Amino acid sequence: MRLLLKGGRVIDPSRDMDDQMDVLVEKGKIAKLGKNISDDSQGVGAKGQKGDLEIINVQDLLVVPGLIDIHCHLREPGFEYKETIQTGSEAAAAGGFTSVACMANTDPVHDNRSVTEFIRQKVAQSDLINVFPVASISVGLQGQILTEFIDLKNAGAVAFSDDGKPVMNSALMRRALEYAYSIGMPVISHCEDANLSNEGVMNESFVATELGLSGIPSVAEEMMVARDILLAQYTRTAVHLAHVSTAGSVQIIRDAKNRGVKVTAETAPHYFTLTEEFLRDYNPNMKVNPPLRSSEDREALKQGLRDGTIDVIATDHAPHARTDKEVEFEYAASGIVGLETSLPLSLRLVEEGVVTWKQLIAMMSFNPARILKIPKGTLKAGADADITVVDLNKKWTVSRDTLHSRSKNTPFDGWEMKGKAVLTVVGGKIKHREL
């Protein structure tokens, strides 16, 4: 089966491309990009079939390299009541993501090759999107003993992270950075000083005092951001910092990049969209870790996205069942589902003039591919035909009841959105379609 996308606005940051053109897909690869590609489609309508060629009119739509989420939780194995690889992949495809990297805080923890192989088997059975497993840094996420990095790499892991728990042992983190760097693998750091966060449930601020909730100070994140940057600088290795949420973290990262430290960073749409003020009704679906911060932090994150301090927009998709969320705020689990709302929320950054189209697409495709060192995030000829087509004018309303994820813990239920992925192509095959 071949596919011809006609007349779309093609944006490919890997090639500094932004132009109206056609995209021809053959044998699961990008075969050709160009103006008025005819092939054998002459005489066929705007949307039609001729032989093994399907032609789709994408005029007035955005055609970009398949979106990549560097940070999500698919919960399988062990927490299938929250999410499975199948349902998570369905949500990803509906959100325009052709590839995701799933974190290791499963049950059992993804700290050995048997779990890697289980995940890859489930991905093959699902046959929807590319799922790249992220193995844990430490055995059992306990922060005491390194996992078998080479064995996990050989089994198919693409990165290491104890996300969900900070690596408090600085010596262990140093060894992790050195070992992973020596075998060409990234380390993704959950930056939190557990002694400073001290079981807080929201940002430490006047709002927390008003609400009578225990706070997590911004320095709890910033302390570990600084530590991991210093370790990367000292060992001459690289580190990727997950879910950055504070102005202080942005400044520390900016300074480190100016010094030439090999650091990359991500934030998530809820951090540049929401603030702690949204917690005033004690909605547990607003509870995340790190917590929603102040409006000043939100603006600093936008500036970090604008000037390249923050490299990636990740979803931090963290599904939880109703039993985990529909309880008192203090006892609710932290996390939201984000695969289906990430794109429209991120599109607002362009409307607001925060970033350009090329910057946004790079942060959601090319940059995560570069950090994970996977051959994705490009539309160059010969590349895997992973493509996302976006209707920038499509208006829709988020409804928890129609989300593809097994869990429905979204803080955006009822929000009006503009912009949606209407075609998700993975390996040349259409996996989600609203055209």
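No lab work stands behind these numbers, since they all come straight from the coordinates. All values derive from a computational prediction rather than experimental measurement. Cβ sites come from the backbone with ideal geometry, for glycine too, and all protein chains shown count toward neighbours.
Restricting attention to segment 197-252, which residues are of a type in the set (A, V, I, L, M) and over 19 Å from ARG174 (Cβ atoms)?
If we filter segment 197-252 for residues that are of a type in the set (A, V, I, L, M), which is where we start, we get 201-202, 207-208, 211, 213, 216, 219-220, 223-226, 229-232, 238-239, 241-242, 244, 247, 250, 252.
Of everything in segment 197-252, those that are of a type in the set (A, V, I, L, M) and over 19 Å from ARG174 (Cβ atoms) turn out to be VAL201, MET202, VAL207, ALA208, LEU211, LEU213, ILE216, VAL219, ALA220, VAL244, ALA247, VAL250.
Which pairs do you get when a residue that is touching a residue at least 60 places away in the same chain (Cβ under 8 Å), found in segment 378-397, comes within reach of a residue that is among the aromatic types (Phe, Trp, Tyr), reach meaning Cβ atoms under 7 angstrom, with the pair 6+ apart or on two chains?
What qualifies is THR378/PHE366.
Is it the case, given these coordinates, that MET202 is out of contact with any His (no Cβ under 6 Å at 6 or more places or on another chain), crowded, with 22+ Cβ neighbours inside 10 Å and within 15 Å of HIS190 (Cα to Cα)? Give the steps one after another, and end with the answer.
On the way: out of contact with any His (no Cβ under 6 Å at 6 or more places or on another chain): yes; crowded, with 22+ Cβ neighbours inside 10 Å: yes; within 15 Å of HIS190 (Cα to Cα): no.
No.
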